[in-house]
Amino acid sequence: IYNDNTISHTTSGTKTPISINVDNDFCKFLGLFAADGCASLKYIGITSNTKDVDNISLAKDIFKKLCPNSNIIENNYKGERNAIDLRISSSIYANLFYKWFSKNENKQLPDWVLKLPKEKQLNIIQGMFMGDGCYYEKTKCSIYSTVSLTLARQLKILLRRCRITFACKKVIRSNHKHKDNKKRRDCYRFEIYGYDLRGKIENTIYKNGSFNMYHE
């Protein structure tokens with residue numbers, strides 16, 4: 001609960017909490033931002049598919065906490081892409097989130113998340129898979145891909161800390177043929193078998209052992 005003692009008033013009239021409560025929901029939002037977020041000069045935003053109601057609800061809840069008296073800007077994409085862009089205008093958060101996450105092939109999580117309790121790290125993992133992950137029911141496999149080597153290395157640390165067995169490989173996309181003939185960056189692909197990491201993560205998913213083979 002925010003009150004006048006915990007909120008800073010800026011010259012533009014925007015109310016900004018002096019501190020951020022790093023709870024499980026905010027940690028899940030950090031993971032979602034690492035996957036689908038962006039920070040510009042004056043705003044931060046999350047882009048989601050309109051069918052991802054959990055992602056949209058989470059983003060709106062966190063945005064309301066970060067900027068209690070600011071309107072959430074919603075833009076729907078036209079054409080084939082069925083997506084919605086949610087933003088809040090704040091130069092303070094724009095600078096903070098850009099410093100934390102950077103972008104594109106340099107995208108990363110804030111360094112301090114690697115020191116959080118395991119429960120909060122599980123929520124970060126879940127948020128990442130909610131954004132950029134997918135799940136194949138036939139093979140019971142969760143897949144996550146990123147073009148950022150730093151983010152891939154951080155995800156490996158989080159998964160190992162949480163005792164989630166995974167396999168990871170670099171995908172050379174220049175070797176792939178694409179219908180639109182566009183060039184794509186190489187990426188790092190994670191495969192986790194046995195459960196859907198986009199849903200609620202319970203302690204029962206931990207495995208005592210498994211077989212893995214790493215190549216290059």
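The values are calculated or read from the model by the stated rules, or taken from the named source; none is laboratory data. All of these numbers come straight from a predicted model, not from anything done at the bench. Here the Cβ is made from the backbone with ideal geometry for all residues, glycine too, and neighbour counts use every protein chain on show. Accessible surface is based on the protein model in full, side chains and every heavy atom, while ligands, DNA and RNA are left aside. Shrake-Rupley method; radii C 1.70, N 1.55, O 1.52, S 1.80 Å.
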Notebook entry, point to check: Taking the range 126-138 on its own, how many of its residues are over 12 Å from ILE192 (Cα atoms) and either open to solvent by less than 10 Å² (accessible area, probe 1.4 Å) or part of a helix (DSSP H, G or I) (or both)?
Noted result: 6
Notebook entry, point to check: Quick one: how many residues across the range 38-71 are over 21 Å from VAL22 (Cα atoms) and either β-branched (Val, Ile, Thr) or assigned to a helix (DSSP H, G or I) (or both)?
Noted result: 3
Check: Just checking, which of LEU109, LEU151 is crowded, with 20+ Cβ neighbours inside 10 Å and touching a Lys or Arg at 6+ places or on another chain (Cβ under 9 Å)?
Finding: LEU151
Check: Taking into account only those residues within the range 149-175 that are in a strand (DSSP E or B) and more than 15 Å from TYR193 (Cα to Cα), which is modelled with the highest pLDDT?
Finding: LYS170
